[in-house]
Structure formats: C-alpha cells, structure tokens
1. Six or more apart or on different chains, Cβ atoms under 9 Å: show the pairs whose first residue is in the range 213-233 and free of Cβ contacts under 8 Å to residues at least 12 places away in the same chain and closer than 12 Å to TRP201 by Cα and whose second is open to solvent by 30 Å² or more (accessible area, probe 1.4 Å) and not basic (Lys, Arg).
2. Anything in the range 24-81 that is in a strand (DSSP E or B) and either under 25 Å from the mean Cα position of the chain (by Cα) or in contact (Cβ under 8 Å) with a residue 24 or more places away in the chain (or both)? List them, or say none.
3. Would you say VAL232 is within 19 Å of LEU315 (Cα to Cα) and within 15 Å of the chain's Cα centre (by Cα)?
4. Can you pull out every residue in the range 221-232 that is part of a helix (DSSP H, G or I) and open to solvent by 30 Å² or more (accessible area, probe 1.4 Å)?
Amino acid sequence: MRTTSTAATPPPTLPQANDACWCGSGRKYKRCHKRSEGRVLPGVVSPMRPVPAHIARPPYADTGEVTAWEESRIKSPEIIEAMRHAGKVAAEILRLSGAAVRPGMTTDELDEYVHSLYVERNSYPSPLNYHGYPKSVCTSVNEVICHGIPDSRVLQDGDIINLDVTAFIGGVHGDTNATFCVGEVDPASKKLIEVTEECTWLGIEAVVPGKPLSDIGKAIENHAKAHNYGVVRAFIGHGIGQQFHTDIQVYHYYEPRASMIMRPGMTFTIEPMITLGGWQHRMWDDDWTAVTADGKWTAQYEHTVLVTEDGVEVLTGGEGAVSPCAPWNR
Ligand code: MF3
Ligand code: CO
Ligand code: CO
C-alpha cells in the first residue's frame, strides 16, 4: 500500500538503487527513501544557552551580527601571548569534550557539557550567536563536513563525530577541532580519521616563514590523494586573532593563487576536511550544515598556528591537546 506517512519503516531487505522504492511512491528507490536512509537527519535544536555576565563577550554575542574591522596580520607580542592562552583553553575543552562522546547521548547533551567547560574556564564559546549560530560547539556527524548544529539526534555506535571548539578569552579566539569515534567504528572510517590528522600535521609542517601559503594545501592534498580521498574545497582555514575569522585564506588543496608569503607573527588555522569520496558539498536548509554531496563520510582536524622566526608554533597544540599523531605523541 502506498503511504506517505513518515512512520513508514524500511523492509529488512532494501531494493536496488534503480528498483521501485519500498514505500510505494512509484519513484526509483535512489530518488526516494535511499536519499535519507543511513544519512544524518536534522533533529530539534534547543534554545540558546546563556553565558554568565562576568564572562567577556565578543562584539557579535548580543546581536549575532558580525562587523569586521581592520586587524593586523602580524600580531603584537601581547596578542600572541593572549592567543597562546586562548589556544590552550580551547585545546583542553576539545580533549575533555571528545572524552565524553558516548553512543546513546544526543549532540545537544554534548553541547550542554561543552558549554559548561567554556564557562568553567571563564571563556565565551565563540560559535554562540556568531552570524546567529545557535550553539557553543559544532558537532559534525558522519557525512556532515562541518558546522553541524547540536540537536536531538542520538549518537549511534559506529558514528564518527567532529567537535569544533573555539574559545574567546583575553580578547582573542583559539580555534581547534578533532574527529572522534562513537563506540566501535569500522576500519575504513578509522583510517580516514587517521589520515586526516596526518594531513593536518603535514600542513602544519609546511608552515615556514618566507614560503607561500599555497605550500600548506599542496602538502595536504598530496597526502589525501595518495589515499584516494577527497579534499573539500568550499571551506578553508582562516586568519584568526581578536576576530574569529580574518582575511588570510588557507586552502587545503594546491591553489597557486594563494601566493601570500608567511611572515613571523601571522596567526591562522589549518583545518582540512577529507572525504572517503568526492570534494563536492551540499547545504542543509538550516544554511549551516554542510554535507558531502555523495553521502560519503568525512573527517576533519584543526589547529590554530603562529608563524615563528624559524617555523611554526601550534597554539592549540602541546601537552593536553588531543592529537594522537602530533609530534609530541610520535
Ligand atoms: N570553528 C569553525 C571554524 O573552524 C567556525 C564555526 S562558525 C560557527 O572556522 F558559527 F559555526 F560556529
Ligand atoms: Co577555524
Ligand atoms: Co573551528
């Protein structure tokens, strides 16, 4: 019987892509229920969580409107010191958040916990009301590339989840993310996560004063390609400091036009999104959640880095940061 009820459940044996859909719609399975089966679906988003008044807020916190101002690409020693602290705070929150990931919990419960970690450390959750973003952390599950919004979806055993934490403290932002396993994850997805972290560190090692920013993407893309993985093109690393996102653009694939020379004192993020399939993305109707066009799973890692006189300092790295293949864990 034909039914359009959302309560319709798939049969134990699913049709082939070009067969008629099991729901009786008359459409091909691939044009009907196959589109959502096994995919992450949007849940219910709870109200914004308040931040206590004693915590210093970035300018957009009250309005959700982001007004950019001129900010030097080369940071002063004072700003750099503040960014070291913000980076450390973000790194610690990320590690603790990742350790809390369990099958059966919702991403909203995760947001509640992460929110409390920011507040305990007297930091403002930078994502909260940034261009109106409603939560304190981005939770990107499976085929979600980035900017997933915590909601009522329950984490399933076998999911992978990226947590993207940005802390605003001392007038500056520290931005870092990592991908975590929910329970027991299949080997192909584990490998993806591992190689994505390697890509991130190869990108970080390409940070050398006097060299062009394009060296970073070159290193990342080469490693991803060697594993037959896709490199997402629509989202890039960014300058960071007193503002969450500034004008420095860090491509994660080789972009010869990224000819800006890295100079000591520059701060930016490196945050490659690597896929088991293609690089193409689609946006959900919420205008935040980016998913792979082909539904293949994707992983990401992110660090905030400083260009030094002779190389790089990872402001969101060091002891206490979650990064299994970082130099200090090798
Ligand atoms: N932290 C993300 C990044 O790496 C940005 C999140 S924007 C938000 O650039 F509004 F979704 F929080
Ligand atoms: Co970032
Ligand atoms: Co981030």
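The values are calculated or read from the model by the stated rules, or taken from the named source; none is laboratory data. Owing to the predicted nature of the structure, the values given are computational and were not obtained by experimental measurement. Glycine also receives a Cβ, built like all others from the backbone with ideal geometry; neighbour counts cover every protein chain displayed. Side chains included, ligands, DNA and RNA excluded: accessible areas come from the protein's heavy atoms. Shrake-Rupley method; radii C 1.70, N 1.55, O 1.52, S 1.80 Å.
1. Cβ pairs passing all conditions: none.
2. At the first step, the residues of the range 24-81 found to be in a strand (DSSP E or B) are 28, 74.
ILE74, the sole residue that qualifies.
3. no
4. Result: GLU221, ASN222, HIS223, LYS225, ALA226.
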